[in-house]
Amino acid sequence: CEKKMFEWQSTFKDGKRTDFDKQTKGFEFFQDENKKNKVVLAYNYLSVESREYETYEQFSSMANDTIKLLMEFCNVSQIIRLGLRYINQIKLPRGNPFSWNTYLDSSLTTNVAKFYGGKESLARAMSQLIVVFEAYKMNYNYGFYNSEYPGKISRKEFALDFDCYTQDVGIGECEKYLTIFNNKITEYFEGYIKDGLRTIMGEK
């Protein structure tokens, strides 16, 4: 289906900021009626999104087929920015919203426990790390994202958001980089979760 797309951009010159926005035309394609898998095509980007899949191979098959179609019909040979992002929103039905020692590495929650201890009216507590590898980077956002923001944190929820990306990639290299990104994100994710969470996920 056709969709209106909006872009916002800011530029700085001589200490002054200029903001402008632009409206363009884009298209959304869904794999099935449940709309769990989506492809968005705009004049300057392509995104493949999945809300429900069992293995990376299922997702990569859809992503790589989409990229091949882009190469065939749009004559694209170079990708300015290629990325793979996993947003893991962990939601548990009960328990202290600030107690995660059974499920996650304590380094993820130490600062919040130290300074707030669950006693303050904390509304959100997100942290960011940017890791530079030889051929790509990873933005890593984690913390108490709070689905009820700006209300105070009351639900047991935690986010592990990994975004690996690189620039100026030949379209023939996309599959290779996506696999590299997936392996690195999996490594970090597995390094931060504990057996309590693996049990809930059905892995133990």
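The values are calculated or read from the model by the stated rules, or taken from the named source; none is laboratory data. Please read these numbers as outputs of a predicted model, since none were measured by experiment. FYI the Cβ positions are ideal-geometry reconstructions off the backbone, even for glycines, and counts take in every protein chain you see. The accessibility values were calculated without ligands, DNA or RNA, using every heavy atom of the protein model including side chains. Shrake-Rupley method; radii C 1.70, N 1.55, O 1.52, S 1.80 Å.
Taking a label point 7 Å from the Cα of residue 106 along the Cα→Cβ vector, which residues of the range 170-198 have an amide N closer than 16 Å to it?
Residues 192-196 fall inside that zone.
Using every pair of alpha-carbon atoms in the range 41-100, split the distances into 5 Å bins beginning at 0 and state the percent of pairs per bin, rounded to integers.
Over the range 41-100, the share of Cα pairs per 5 Å bin runs 4, 11, 22, 18, 12, 11, 7, 6, 5, 3, 1 percent.
Treat every Asp and Glu Cβ in the range 127-204 as -1 and every Lys and Arg Cβ as +1, leave all other atoms uncharged, and give the resulting dipole magnitude about the Cα centre to the nearest 20 debye.
Numbers: 9 positive and 12 negative charges, 86 e Å.
Charge dipole, the range 127-204, about its Cα centre: 420 debye, nearest 20.
With every protein chain left in place, what is the accessible area per residue of the range 64-201 in square angstrom, probe 1.4 Å? If you can, show how the numbers build up before the last one.
Working: 8210 Å² over 138 residues.
I get 59 Å² per residue for this part.
Of the heavy-atom accessible surface of the range 144-190 (probe 1.4 angstrom), what whole percent is carbon and sulfur?
On the range 144-190, the fraction of accessible area on carbon and sulfur atoms equals 44 percent.
Residue 104's amide H: which non-local residues (gap 5+, or another chain) put their own amide H closer than 5 Å, with H modeled 1.01 Å from N in plane and none for Pro or chain starts?
Residues meeting the criterion, in which the H sits 1.01 Å from N, are 194.
Heads up, I need the accessible area for residue 201: 1.4 angstrom probe, whole protein in place, Å², nearest 10.
Its accessible surface works out to 90 Å², give or take rounding.
Given Cα pairs under 8 Å that are at least 6 residues apart, what percent is the relative contact order of the range 104-204?
Details: 107 pairs, mean separation 23.4, N = 101.
Relative contact order of the range 104-204: 23 percent.
Within the range 36-83, what whole-number % of the accessible surface is contributed by carbon and sulfur, with the 1.4 Å probe and all protein chains included in the calculation? Before the final figure, lay out the partial values.
Details: 1690 of 3300 Å².
Summing carbon and sulfur atoms, their accessible area is 51 percent of the total for the range 36-83.
Convert each backbone phi in the range 126-142 into a coupling constant with the Karplus relation 6.51 cos²θ - 1.76 cosθ + 1.60 (shift: θ = phi - 60°), then list the ³J(HN,Hα) values in order as whole Hz, x for Gly and Pro.
Here the 3J(HN,Hα) series is 10, 10, 9, 10, 10, 10, 9, 9, 4, 10, 6, 10, 9, 8, 10, 10, 8 Hz.
Quick one: what are the phi-derived ³J(HN,Hα) couplings along the range 180-187, Karplus 6.51/-1.76/1.60 with θ = phi - 60°, whole Hz, x for glycine and proline?
3J(HN,Hα) across the range 180-187, in whole Hz: 4, 4, 4, 5, 5, 5, 4, 4.
Please work out the Cα center distance from the range 64-94 to the range 180-204, rounded to the nearest Å.
21 Å
In debye to the nearest 20, how big a dipole does the range 75-156 give about its Cα centre with +1 on each Lys and Arg Cβ and -1 on each Asp and Glu Cβ? Could you put the intermediate results ahead of the total?
Numbers: 11 positive and 4 negative charges, 54 e Å.
Around 260 debye, computed over the range 75-156.
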